[in-house]
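For reference, the structure is listed below as structure tokens.
The values are calculated or read from the model by the stated rules, or taken from the named source; none is laboratory data. Computed from a predicted model, the values in this text were never measured in an experiment. Quick reminder, even Gly has a Cβ in these numbers, built from the backbone with ideal geometry, and neighbours come from all protein chains shown. The area values use the complete protein model at the heavy-atom level, side chains included, leaving out ligands, DNA and RNA. Shrake-Rupley method; radii C 1.70, N 1.55, O 1.52, S 1.80 Å.
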Amino acid sequence: MTGTDTRGLAALRPRLPSPLREVADGRFERHGVRLLLKRDDLIHPELVGNKWRKLAPNLDAADGRTVVTFGGAYSNHLRATAAAGRLLGLPTVGVVRGQELAELPLNPSLARCAADGMRLHFVDRSTYRRKAQPETLAALLRAAEAEDAVVVPEGGSNARAVRSCRALGEELGEHADVAALACGTGGTLAGLAAGLPAGRRALGIPVLKGGFLADDIRRLQERAFGGRRGTWSLDDRFHHGGYARTTPALDAFADDFEQRHGLAVERVYVAKLLYALLALTEEGAFPRGTALAAVVTGRPFP
């Protein structure tokens, strides 16, 4: 990965490029669609999927300093940052949404963060919403005793991360007509689209409600590349109620996919992506002969 191959990161031995494997699934095949799985979940056993691609350049820039980042109680990003800190000997602080959580036992996700050495700092939800405002961020860093830290945004999505995720599109290259992934903060999609060759397109499936993500992705591409790059679109219909929410239909689909293909399906992101791709295929959204790549960004936890 250009620009991130420092001695410390290289020692973690990421599996790049990640494997690309075609799966035989009659539900897609009857519509003339080939389903490929881009196994970013196999990049590293602890820094899984797009978390490696987004964190690596930010950890490189930290150059040994404390890293402060943000997330909710079940944040994959917080867990990955904490694991990276342990592996690299890097101090980490996680600012967690929800002051009320400070009085409760840690859930398995936050307990893993703490076990990996991350210092957790809980804040009320109103303050958390304003965390990007300079005065609020400065106050948060003072309260967390981390005023000299490197700040990585929620989800790890900043210009460095977006430029790093461009490699995902380059790895897919001519193998896929459509490259699809589930989106939280949009940074991976912003980079993926920029790295795809001409004539290929990226499709994002947001896992949060709100319809705000397109503007965020445009801003991320502006910061990373100076303007919009690549062909990309979003389909907001498949969030199943919002972040970390599920439905009986989604659970049944994921269980069935696991049995068909022997792949453990992560529910927050990957299940929603695969469910959406089957629904879109059945709607006729992809012409016959389409090679459709689904980016598997994570594994179930714990």
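Our summary gives the chain a relative contact order of 21 percent, counting only alpha carbon pairs under 8 angstrom and 6 or more residues apart. Annotation: amide H-H contacts under 5 Å for C183 (H modelled 1.01 Å from N, sequence separation of 5 or more, or interchain): I205, V207. Taking a ≥ b ≥ c as the square roots of the Cα gyration tensor eigenvalues, region 1-88 comes out prolate, since a/c reaches at least 1.5 and a/b is larger than b/c.
Selection among H121, Y275, V162 by position relative to the dipole of the chain gives V162 as farthest towards the positive end (Cβ unit charges, Cα centre). Dividing the mean sequence gap of close Cα pairs (under 8 Å, 6+ apart) by how many residues region 161-302 holds gives a relative contact order of 27 percent.
Of the Cα atoms belonging to the chain, the radius of gyration and Dmax stand at 18.8, 58 Å.
Summarising the overall dimensions of region 76-117 from its C-alpha atoms, the Rg and Dmax are 10.3, 31 angstrom. Placing pseudo-labels 7 Å out from each Cα toward the beta carbon at A10 and L104 gives an inter-label distance of 4.5 nm.
What number, in percent, do you get for the relative contact order of region 9-86 if the mean sequence gap of Cα pairs under 8 Å and at least 6 apart is divided by its residue count?
25 percent
Between the alpha-carbon centres of region 268-290 and region 175-251 there is a gap of 14 Å. Close amide H contacts of F122 (hydrogens built in the peptide plane, cut-off under 5 Å, sequence separation of 5 or more or a different chain): V96.
Label positions at E22 and L208, each projected 7 Å from the Cα along the C-beta direction, are separated by 3.7 nm. Kirkwood's formula applied to the C-alpha pairs of region 156-270 gives a hydrodynamic radius of 14.7 angstrom. The coefficient of translational diffusion for region 36-139, derived via Stokes-Einstein from the alpha carbon Kirkwood radius under 37 °C and 0.692 mPa s, stands at 229 µm²/s. Packing around the peptides 255-264, 289-298, taken as the average count of other Cβ atoms within 10 Å per residue, puts them in this order, highest first: 289-298, 255-264. Note on E46 and T136: the model spin-label points, each 7 Å out from Cα along the C-beta direction, lie 3.2 nm apart.
Phi angles of region 31-47 translate, via the Karplus equation with coefficients 6.51, -1.76, 1.60 and θ = phi - 60°, into HN-Hα couplings of 9, x, 10, 8, 9, 10, 10, 8, 7, 5, 5, 9, 4, 7, x, 10, 9 Hz per residue; Gly and Pro are given as x. Heavy-atom accessible surface of the chain, averaged per residue, reaches 43 Å², computed with a 1.4 Å probe. For the chain, with all protein chains in place and a probe radius of 1.4 Å, 49% of the accessible heavy-atom surface sits on carbon or sulfur.
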